[in-house]
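J.: Take a look at the following structure, please.
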Amino acid sequence: MLGLLWAIPLLPFLGFLLNGILGPRLLPRRAVGILASVAVLLSFLVSLGAIAAIADPVALAAAAGGSLTTDAGHHRAVQTLWTWMPIGTSAQGTVLRVDWAYALDPLSAVMLLVVTGVGFLIHVYSIGYMAHEPRPAYARFFAYLNLFMAMMLTLVLGASLPVVFVGWEGVGLCSYLLIGFYYDRVFDETTGMTCADAGRKAFITNRIGDMGFMLGMLLLFATAGTLDIQGILAQAGTLGTGVCTAAALLLFVGACGKSAQIPLYVWLPDAMAGPTPVSALIHAATMVTAGVYVVCRMAPLYQHAPAALLTVAVVGGATAVFAALIGLCQNDIKKVLAYSTVSQLGYMMLGAGCGGFEAGVFHLMTHAFFKALLFLGAGSVIHAMSGEQDIRKMGGLDRYIPWTHGTFVVAWLAISGIFPLSGFFSKDEILAWAFRKSILLWGLGAGGAFLTAFYMSRLYFLVFHGRARFDKETRHHVHESPRTMIVPLVVLAALAFAGGVLGVPEALGARNVLGEYLAPVFEAAPAAGTAAPAHLAAGLELGLMAVSFAIAVFGIFLGWVFYAQRPEIPATFAENVGGLYRLVAGKFYVDEIYDRVILAPYYALCRAASWFDRYVVDGAVNAAGYVTLGTSYTSVGFDTYVVDGLVNLTGYTVRGASWVFRKFQTGVVQSYATAVVLGIFILVSVYLLTQGH
Amino acid sequence: MPVPPSHVLIFSLLLFSIGMLGVLTRRNAIIILMSIELMMNAANINFIAFSRQLNNLAGQVFGVFTIAVAAGEVAIGLAVVLALFRNRDTIYVDEVHVMKG
């Protein structure tokens, strides 16, 4: 199956082409959904086959040949399809070129399975969720979704940074297209933001990050002389700390944009303008984890740049707490989940930044399961509520939609970190890494964990428990979702429940399967001089686990007290600390601050540039025009009055002279004769007078 | 007693002057022709006078020749005047100025 590596991104791309071209008019509705889902399913199966093929080093070594090169020791296979950018030969004589190549190793294997697996489930779910859309929109939706899968798989499989970047930009494009899917609708009543605006916001915010990614890429090319990821990582030790730090930080700027970290997280909550399956697939499970993936992919580079690594950890930890705080006061079910996603992405960054790259990837995976489940569950709730998204208008839904409720409980407990669900293990591993790095980072992580448990409990109790706060009309329509939506929920619930077994810490007497699987990737180039942090003592590790478990339980307990038992507490609480509450509910006014601090000066700059353009540049052009015009007037004047004047003067002179001479020509013969006589008289007189002397 | 040449010259001068004034001042074409005759005859008198003074017959021959030519000239002149009158109903030369510029 390794030979079919190229087919993994291509299959969804074909689905995109078919659905995009034929879907809106020719294909029946049922075929559109099935085609899109099958394309992803086939990708998933091919991925499974390929991943099985890299597991065995002996078979992998034997598989090399043709377009495939393999590195059996690291379980890596690279398929070079064609030379994409032949650049030339460097001064040192090395051939510079960028190949279009796909690389499969344990890290991309995990990503592949998450992307195609969760992606497939969400495709199936979308068949039910989008069933009410008109057919062209339905086909457009699945076409975009398939294009997204193709791009995400390119990103994951790319063996060199430019190929990764193609996927990186591609998923950004799809994100933009899908956020603005309902481009004619208003998304935020208070600010008048439309869905199209939300898409633009996501796209432009990502652009800022992409600039960093690109600069990092160029810096690496300039210093390492190659863009092949393994080529760069092999040289990470010789590049020097300065270059490594700069490149790692620049790439992290890109990761901040894509993975919604402070300060570039603002687009993700507004990305909820897209349909819910999109939020689940792109803005929770897969695309937003691309930043984490890139950081992990470049792990050896980061290990040579301690400062960059620390930045990653601090930004991640800060984001985890900050976003969780905002999540406390959101009332839109999807917005809560969006801030939760930002917070959990911060967690992943925190894990990666503390050196626990496999912990980051582990959390990425479990998060993909439970967050996709949460979003799809939220979608099911919204579906049941006829489009209502405000959790204040829900309540008591557990009786009406039992399947959704059951799966939601699993996801809720998993994200809160309750033993033995998947979230517990992944979160705990991150916290263990953070503890090894610094007690402060651990504190950030633990605080985030508490907040997460609390706001998720708030969400859960407000939506599913207590008094039903919706009107009769809505109650009449409340219904469980169709089977195409419930089955993916159940599968994801199973994954969210059991996904943690892949990473049970050794302190509990099991094997950390995922950690061992990923080890070859992160040990590819061990950091020189910096020994890996020693393992924590088993007792301490168990103690930390107990603490994080207690934190989660306490968070849930508080949530239960606040929102299920004593619903009046939050209101009094909000009144007593009104300022603080408004600050949090107003999302710390980050959007407003960006408006004032960045956008307003930027617009002013734009206006100034526009003014400069209109008056100075255009002025210069117009001035040139006026000068030409003036010159031509002068030239015309000279021509008319001087050149023509001279010509006319000749004519006038002749005419004047003729006028004078004409007077003599009277036509009267006698006057001529008189003249003759006079002439003769004068001539004779002159003759006679001169003769005398 | 022979008439001195100076008298003859003064006479012919007066005659010529009268003819010339007639040519220049009269409107009637016929009078003008007549005035031209006067001037020609003044010239003839000069020829005769100098012929006698210098004893050379060429002057007298020239006089006779002039009279003969003058007869032709009068014939043509009258014919022109006649044609003029037929065409323009006038023989006043100041009314005939088609050549005015």
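J.: Farthest toward the dipole's positive end in the range A:594-692, which of A:602, A:675, A:650, given Cβ charges of +1 (Lys, Arg) and -1 (Asp, Glu) about the Cα centre?
T.: A:675
J.: Right, here's the next one. Mind checking the per residue accessible area of the protein assembly as shown for me, 1.4 Å probe, whole number of Å²? Each step should come with its number before you reach the end.
T.: On the way: 36180 Å² over 794 residues.
Heavy-atom SASA per residue in the protein assembly as shown reads 46 Å².
J.: As I understand it, the dipole of the protein assembly as shown uses +1 on the Cβ of Lys and Arg and -1 on the Cβ of Asp and Glu, about the Cα centre. Which of A:497, A:18, A:227 lies farthest toward its positive end?
T.: Value: A:18.
J.: What is chain B by shape, rounded, prolate or oblate, if you read a ≥ b ≥ c off the alpha carbon gyration tensor as root eigenvalues and call it rounded for a/c under 1.5, prolate for a/b larger than b/c, and oblate otherwise?
T.: prolate
J.: Using every alpha carbon pair in the protein assembly as shown, what percent of pairs falls into each 20 Å bin from 0 up to the bin containing the largest distance?
T.: 14, 36, 16, 4, 4, 6, 11, 8, 2, 0
J.: Which aspartates and glutamates does residue A:427 reach when only Cα atoms under 17 Å apart count, and residues fewer than 8 places away in its own chain are ignored?
T.: Those aspartates and glutamates meeting the cut-off are A:358, A:506, A:541.
J.: Taking a 1.4 Å probe, which of A:154, A:83 shows the most accessible area, and what order do the others take after it?
T.: In descending accessible area the options line up as A:83, A:154.
J.: With a/c under 1.5 counting as rounded, go ahead and sort the range A:427-494 into rounded, prolate or oblate using the C-alpha gyration tensor (a ≥ b ≥ c being the square roots of the eigenvalues; past the cut-off, prolate if a/b is larger than b/c, else oblate).
T.: oblate
J.: So, taking all protein chains as they sit and a 1.4 Å probe, how much accessible area belongs to residue A:208, in Å² rounded to tens?
T.: 100 Å²
J.: Okay, moving on. For every other residue with a beta carbon closer than 14 angstrom to the beta carbon of residue A:390, add +1 if it is Lys or Arg and -1 if Asp or Glu, then tell me the sum.
T.: Within the 14 Å Cβ shell, the charges total +1.
J.: When the dipole is taken about the Cα centre of the protein assembly as shown, and only Lys, Arg (+1) and Asp, Glu (-1) are charged at their Cβ, what size is it in debye, to the nearest 20? Please list the in-between numbers first.
T.: Working: 44 positive and 41 negative charges, 313 e Å.
I would put it at about 1500 debye.
J.: Which cross-chain or sequence-distant (5 or more) residues have an amide H under 5 Å from the amide H of residue A:81, H modelled 1.01 Å from N in plane?
T.: It is A:100, A:101, A:102, by chain and number.
J.: For the range B:60-73, just list the computed ³J(HN,Hα) in residue order, Karplus coefficients 6.51, -1.76 and 1.60, θ = phi - 60°, integers in Hz, with x standing in for Gly and Pro.
T.: Taking θ as phi minus 60°, the curve returns 5, 4, 4, x, 4, 4, 5, 4, 5, 5, 4, 4, x, 4 Hz for the range B:60-73.
J.: Moving on to the next point. At a probe radius of 1.4 Å, what is the per-residue accessible area of residue A:48, in Å² to the nearest 10?
T.: 80 Å²
J.: From the Cα gyration tensor of the range A:56-149, with a ≥ b ≥ c the square roots of its eigenvalues, which class applies: rounded if a/c is under 1.5, or else prolate if a/b is larger than b/c, or else oblate?
T.: Oblate is the answer for the range A:56-149, as a/c is 1.5 or above yet b/c matches or exceeds a/b.
J.: Could you report the accessible area of residue A:523 in Å², rounded to 10, computed with a 1.4 Å probe on the protein chains as they sit in the structure?
T.: About 120 Å², rounded to the nearest 10.
J.: Can you compute the charge dipole magnitude of the range A:498-620 about its Cα centre, using +1 on each Lys and Arg Cβ and -1 on each Asp and Glu Cβ, nothing else charged? Give it in debye, rounded to the nearest 20. List each step's numbers first, then the result.
T.: Numbers: 7 positive and 11 negative charges, 50 e Å.
With only Lys, Arg, Asp and Glu charged at Cβ, the dipole is about 240 debye.
J.: Under 20 Å Cα-Cα from residue B:100, which lysines qualify once same-chain neighbours fewer than 8 residues away are excluded?
T.: A:663
J.: Another one. So which DSSP H runs in chain A come out at 27 Å plus along the axis (Cα) with average Kyte-Doolittle of at least 0.5? Spell out each step's value before the answer.
T.: Values: long enough: A:29-55 (40 Å, 1.94); A:106-129 (34 Å, 1.70); A:135-157 (33 Å, 1.18); A:195-224 (42 Å, 0.78); A:306-327 (31 Å, 2.00); A:333-353 (30 Å, 0.68); A:357-384 (39 Å, 1.19); A:439-464 (37 Å, 1.50); A:538-560 (33 Å, 1.88); A:618-637 (28 Å, 0.34); A:644-664 (30 Å, 0.10); A:669-691 (32 Å, 1.68).
Helices meeting the span and hydropathy rule in chain A are A:29-55, A:106-129, A:135-157, A:195-224, A:306-327, A:333-353, A:357-384, A:439-464, A:538-560, A:669-691.
J.: Moving on to the next point. Collect residues whose amide H, placed 1.01 Å from N in the peptide plane, falls under 5 Å from the amide H of residue A:158; neighbours closer than 5 in sequence don't count.
T.: For residue A:158, whose amide H was placed from the backbone, the distant partners under 5 Å are A:103.
J.: Of the options A:40, A:311, A:179, report the single residue whose Cα projects farthest towards the positive end of the charge dipole of chain A (beta-carbon charges: Lys, Arg +1; Asp, Glu -1).
T.: A:179
J.: Below 8 Å, C-alpha to C-alpha, sequence gap of six or more: please give me the relative contact order for chain A in percent.
T.: Taking the mean separation of contacting Cα pairs over the length of chain A, I get 11 percent.
J.: Same structure, new question: Let's see if you can work this out: charge +1 on each Lys and Arg Cβ, -1 on each Asp and Glu Cβ, no other charges. What is the dipole magnitude of chain B about its Cα centre, in debye to the nearest 20?
T.: 40 debye
J.: Also, quick follow-up: Across the range B:84-97, in residue order, what do the Karplus-derived ³J(HN,Hα) couplings come to in whole Hz, using 6.51 cos²θ - 1.76 cosθ + 1.60 with θ = phi - 60° and x for Gly and Pro?
T.: 4, 4, 4, 7, 10, 6, 7, 10, 7, 5, 6, 8, 9, 9
J.: Which whole-number percentage describes the relative contact order of the range B:5-95, with Cα contacts under 8 Å and a sequence gap of 6 or more?
T.: Values: 82 pairs, mean separation 27.8, N = 91.
Relative contact order comes out at 31 percent.
J.: Oh, and also: Quickly estimate the mean residue ellipticity at 222 nm for chain A, helices only: each DSSP H run with n ≥ 4 gives -39500 (n - 2.57), and the total goes over all residues, rounded to 500.
T.: Here the helix-only value at 222 nm equals -22500 deg cm²/dmol.
J.: Mind ranking A:362, A:187 by accessible surface for me, highest first, 1.4 Å probe?
T.: Sorted descending by solvent-accessible area, the residues read A:187, A:362.
J.: Moving on. Which of the lysines could be linked to residue A:201 by a straight reach, that is with a Cα gap under 19 Å, when you skip same-chain ones fewer than 8 residues away?
T.: Qualifying lysines at Cα under 19 Å: A:258, A:334, A:335, A:587.
J.: If you roll a 1.4 Å probe over the range B:5-95 with all protein chains in place, what percent of the accessible area is carbon or sulfur?
T.: Reported share for carbon and sulfur atoms: 73 percent.
J.: I would also like to ask the following. For the full complex of protein chains and a 1.4 angstrom probe, list A:682, A:486 by accessible area with the highest value first.
T.: The residues order as A:682, A:486, largest area first.
The values are calculated or read from the model by the stated rules, or taken from the named source; none is laboratory data. Every value quoted in this text rests on a predicted model; they were computed, and no experiment measured them. Virtual Cβ from ideal backbone geometry, glycine too; neighbours counted across all protein chains shown. Surface areas here come from the heavy atoms of the whole protein model, side chains and all, with no ligands, DNA or RNA. Shrake-Rupley method; radii C 1.70, N 1.55, O 1.52, S 1.80 Å.
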